[in-house]
Amino acid sequence: MDQISTMSQHYQCSLLYLVKLLIDVDGITDERELRALYLIRETEEISDAVFMAFEDKIRGMTEREVYDAAMSELQLCSSSEKLNVFALLYKMSEVDGRVDIKEIKLLLYAIKSAGVAFDEVVTRAKSTPSLVI
């Protein structure tokens, strides 16, 4: 596998892990979040095979294990890919019409852990299309 597709796969996996955590962290899986996940899969060109492999991997994983897997994948991403992941998560946190404190804490903690500047995430998110369908 070449470097570009390898990095893309790390990007896609880290994004899926973190989106999963964001959807689950408030204890409510909203239909709008699921539609946004579908849109992310489409816009980020996440194949059915990659998504099904992801679902198989997370089955039985604890929240902490999912977070650790996300951060491991994220470490293998470029700075731009990391920024894209967090910009999409930022947009994702808004899709259900409310921003839960647990979602904010998860987002801020992951951003800080990844060494990404929050201001850069906000700037990138402003130029990222809405995930509200």
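Annotations for the structure displayed:
- Of all residues in region 49-64, those satisfying the criterion of being in contact (Cβ under 8 Å) with a residue 12 or more places away in the chain and not basic (Lys, Arg) are Val50, Phe51, Phe54, Ile58, Glu63.
- Single residue of region 106-123 satisfying the filter (over 14 Å from the mean Cα position of the chain (by Cα), in a helix (DSSP H, G or I) and of a type outside the set (S, T, N, Q)) that is surrounded by the fewest Cβ atoms within 10 Å (Cβ to Cβ): Asp119
- The conditions of being among the aliphatic types (A, V, I, L, M), in a loop (DSSP other than H, G, I, E, B) and without any contact (Cβ under 8 Å) to a residue 24 or more places away in the chain are met by Val99.
- Among the numbered conditions (1) in contact (Cβ under 8 Å) with a residue 12 or more places away in the chain; (2) part of a helix (DSSP H, G or I), the only one that Ile46 does not meet is (2).
- For the residues Ser93, Ser72, Ser127, the requirement of being within 20 Å of Gln12 (Cα to Cα), surrounded by fewer than 13 Cβ atoms within 10 Å (Cβ to Cβ) and not aliphatic (A, V, I, L, M) singles out Ser127.
- In region 36-71, residue nearest to Asp119 (Cα to Cα) [restricted to those that are within 13 Å of the chain's Cα centre (by Cα) and among the small types (Gly, Ala, Ser)]: Ala70
Results for (1) crowded, with 19+ Cβ neighbours inside 10 Å; (2) modelled with pLDDT under 90; (3) farther than 16 Å from Glu73 by Cβ, shown as yes or no for each residue.
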{"residue": "Gln9", "(1), (2), (3)": "no, no, no"}
{"residue": "Ile28", "(1), (2), (3)": "no, yes, yes"}
{"residue": "Leu34", "(1), (2), (3)": "no, no, yes"}
{"residue": "Tyr38", "(1), (2), (3)": "no, no, yes"}
{"residue": "Ala49", "(1), (2), (3)": "no, no, yes"}
{"residue": "Met52", "(1), (2), (3)": "no, no, yes"}
{"residue": "Ile58", "(1), (2), (3)": "no, no, no"}
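The values are calculated or read from the model by the stated rules, or taken from the named source; none is laboratory data. Because the structure is a prediction, the values reported are computed rather than measured. Don't worry about glycine lacking a Cβ; one is built from the backbone with ideal geometry, like all the others, and counts go over all protein chains shown.
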